[in-house]
Ligand SMILES: C[S@@+](CC[C@H](N)C(=O)[O-])C[C@H]1O[C@@H](n2cnc3c(N)ncnc32)[C@H](O)[C@@H]1O
């Protein structure tokens, strides 16, 4: 893979937040292009520390294997200090049990998708390219975006577009989708884009990849729609909730959890969980009114510096939350 797989967001701040000990045991639940993993590994290599890096995407897995041949990068695919886990982080607890790990010193989650997902035309994550509407991070199973578009009720489509895409016109778009699919199933990105913009979308002529000529005015709306579908396809909120519960159980007292979020819904889940220790965000208090939480919040939603956003515009929506297990 020669493209830039991903540029890690808020790398320095995240590593600082994790307060890495050379002999500690760490988990990066979202390996992606390995930028954060590499920085953690640099701190535990030489010590007795270990890093487990998860990713459910086979492309990230190949990426990890490719990196393994570069001595300056990951020295080998798995060694005493590093283990790659090809799996969904919702099964964090099961994987840790499998590897005989009872407690961890830190966990990093850099949520969502990598640049690779958007930049890889055939995966269907981007409205910029003509492709089948897939959007699965784990391509070995589960429903695709096309399955959802062609089988969900109008009501359910409107709900996911509103909740995961924050689309104010979710009902209108859901209606158009249901009308269009009654004529012909919606299978490809250009078909979905045409439904939203109300006319056939053309391809740019003469480009190597089949790039779509999407009107500038429609891009914001389409970004929201594609985000909503991607979140539903991969059950991102469900996986996040399960992983947070497992992380709470696994973290040692003094251990840190650092999560980078990219939209308000996932950020709210993380914020509430790190404040209260439960998914409802319900703050428990003792008899004297002191807050009873398993965490001390260290970082409350730090955003990327202007410099970083200039260098890497995709970091502009990143929010870092860090907490320490008490
Ligand atoms: C934002 S990228 C991480 C980038 C990474 N920090 C880096 O420095 O390159 C998120 C990655 O997490 C993976 N991912 C998302 N949800 C996952 C899940 N539930 N289980 C495992 N991997 C997941 C995606 O496939 C993607 O590669």
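No lab work stands behind these numbers, since they all come straight from the coordinates. Since the structure is predicted, the reported quantities are computational estimates derived from the model, not experimental observations. Please note: Cβ atoms are built from the backbone with ideal geometry, for glycine as well, and neighbour counts cover all protein chains shown.
Taking the fewest neighbouring Cβ atoms within 10 Å as the starting point, the ordered list for 189, 306, 144, 261 is 306, 144, 261, 189. Comparing 187, 242, 308 in a Gaussian network model of the chain, where Cα atoms under 10 Å apart are tied by springs, the biggest mean-square fluctuation is seen for 308. Here r is the Cβ-Cβ distance between residue 62 and residue 282 and R0 is 45 Å; the resulting FRET efficiency, rounded to 0.05, is 0.60.
Considering segment 139-233, its Cα convex hull presents a mean projected area of 6.6 nm². In the chain, the convex hull through the Cα atoms has an average projected area of 18.5 nm², a quarter of its surface area.
Between 255, 24, 112, the GNM of the chain built on Cα springs shorter than 10 angstrom shows 24 fluctuating the most. Most tightly packed first, judged by the mean number of other beta-carbon atoms within 10 Å of their residues, the peptides 215-225, 98-108 read 98-108, 215-225.
Principal-axis analysis of the Cα atoms of the chain puts helix 170-183 at an angle of about 60° to the longest axis.
Using only Cα atoms and rounding to the nearest 10 degrees, what angle (0 to 90) does helix 35-44 make with the longest principal axis of the chain? That helix lies at roughly 10 degrees to the long axis.
Between the helical axis of 219-233 and the longest alpha-carbon principal axis of the chain there is an angle of about 60 degrees. For segment 264-280 versus segment 111-170, the inter-centroid distance based on Cα atoms is 24 Å.
Need one number: % antiparallel among DSSP beta bridges in the chain, to the nearest 5.
Working: 18 of 36 bridges.
Counting only bridges with both partners in the chain, antiparallel ones make up about 50 percent.
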